[in-house]
Amino acid sequence: MTDNVSAEQLRLFIERIERLEEEKRGIADDIKDVYGEAKSTGFDSKTMRKIVGLRKMEKHHRDEADALLETYRNALGLV
């Protein structure tokens, strides 16, 4: 009896994960479409992706990343 309950629980978890993975693919496609639309109106999608990433970061992490990038650029003469 325990094996049947565990197997049923496992099956339900797997099915939920599969449904969520499908939703995730759909959302990823929607995001790709938005970037494509922005690109077609003249925006640079690569830069937009960087901005989205920066907006996810907390300010102090952004500041640290900016300072490190500036240090590396200076070290390589890319000023």
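The values are calculated or read from the model by the stated rules, or taken from the named source; none is laboratory data. These figures come from a predicted structure and were not determined experimentally. With ideal geometry, Cβ positions are generated from the backbone for all residues, glycine too; neighbour counts draw on all protein chains shown. Note: accessible area is taken over every heavy atom of the protein model, side chains too, but ligands, DNA and RNA are not part of it. Shrake-Rupley method; radii C 1.70, N 1.55, O 1.52, S 1.80 Å.
Observations on the structure shown:
- Considering only residues in the stretch 35-45 that are in a helix (DSSP H, G or I) and touching a helix residue (DSSP H, G or I) at 6+ places or on another chain (Cβ under 9 Å), the one that is farthest from Ala67 (Cα to Cα) turns out to be Gly36.
- As for the stretch 7-20, it holds no residue that is assigned to a helix (DSSP H, G or I) and either touching a Ser or Thr at 6+ places or on another chain (Cβ under 9 Å) or touching a residue at least 60 places away in the same chain (Cβ under 8 Å) (or both).
- When the stretch 46-79 is limited to residues that are under 20 Å from the mean Cα position of the chain (by Cα) and not in a helix (DSSP H, G or I), the one that is surrounded by the most Cβ atoms within 10 Å (Cβ to Cβ) turns out to be Met57.
- Filter result (open to solvent by 100 Å² or more (accessible area, probe 1.4 Å) and either on the phi > 0 side of the Ramachandran plot or acidic (Asp, Glu) (or both)) within the stretch 34-45: Glu37
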